[in-house]
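Trainee: Have a look at the structure that comes next, please.
The values are calculated or read from the model by the stated rules, or taken from the named source; none is laboratory data. This one's a predicted model, so the numbers in the text were calculated from it and none came from an experiment. Here Cβ is always computed from backbone atoms with ideal geometry, including for glycine, and neighbour counts include all displayed protein chains.
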């Protein structure tokens, strides 16, 4: 879906989405690597592994963070959808839907949280 349509769906859920990345800041994302994890650094639009001395790279840092994003939940999209330019629109659609689903869950959680606060205040 187009970005504007995506933004409107998020707005309809009452959730505001903005990046928490400050200008000049570095975002760290932990990705699975072998039996452990590796840190990926995202600075601006530069994506690199934090540990540059790890040796042979089976995948780029960009590919690692995209696979992590599309594989959240139980279905592993990266097994069926390679991270290549011709699949970027499909990958964006998957990520948009995951954001919408989580925004809806966050809205439900907030509703329950505030209801608990109200119930608690009535008892006090």
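Trainee: In the range 83-124, which residue that is outside any helix (DSSP H, G or I) and out of contact with any helix residue (DSSP H, G or I) (no Cβ under 6 Å at 6 or more places or on another chain) is nearest to residue 8 (Cα to Cα)?
Mentor: Filtering the range 83-124 for residues that are outside any helix (DSSP H, G or I) and out of contact with any helix residue (DSSP H, G or I) (no Cβ under 6 Å at 6 or more places or on another chain), the one nearest to residue 8 (Cα to Cα) comes out as 84.
Trainee: What's the total number of residues in the range 52-66 that are touching a strand residue (DSSP E or B) at 6+ places or on another chain (Cβ under 8 Å) and part of a helix (DSSP H, G or I)?
Mentor: Summing the residues that are touching a strand residue (DSSP E or B) at 6+ places or on another chain (Cβ under 8 Å) and part of a helix (DSSP H, G or I) in the range 52-66 gives 4.
Trainee: Another question, if that's okay. Could you please tell me which pairs satisfy a Cβ distance under 7 Å, a separation of 6+ or placement on different chains, a first residue in the range 40-62 that is at negative phi and modelled with pLDDT of 90 or more, and a second residue that is loosely packed, with under 11 Cβ neighbours inside 10 Å and in a strand (DSSP E or B)?
Mentor: 41/28
Trainee: Among the residues of the range 68-81, what is the count of those that are in contact with a helix residue (DSSP H, G or I) (Cβ under 9 Å, 6 or more places away or on another chain) and either without any contact (Cβ under 8 Å) to a residue 24 or more places away in the chain or loosely packed, with under 12 Cβ neighbours inside 10 Å (or both)?
Mentor: Counting residues in the range 68-81 that are in contact with a helix residue (DSSP H, G or I) (Cβ under 9 Å, 6 or more places away or on another chain) and either without any contact (Cβ under 8 Å) to a residue 24 or more places away in the chain or loosely packed, with under 12 Cβ neighbours inside 10 Å (or both) gives 6.
Trainee: Still on this structure, I have one more. Say whether the condition of being at pLDDT 90 or above and in contact with a helix residue (DSSP H, G or I) (Cβ under 6 Å, 6 or more places away or on another chain) is met by at least one residue in the range 8-26.
Mentor: no
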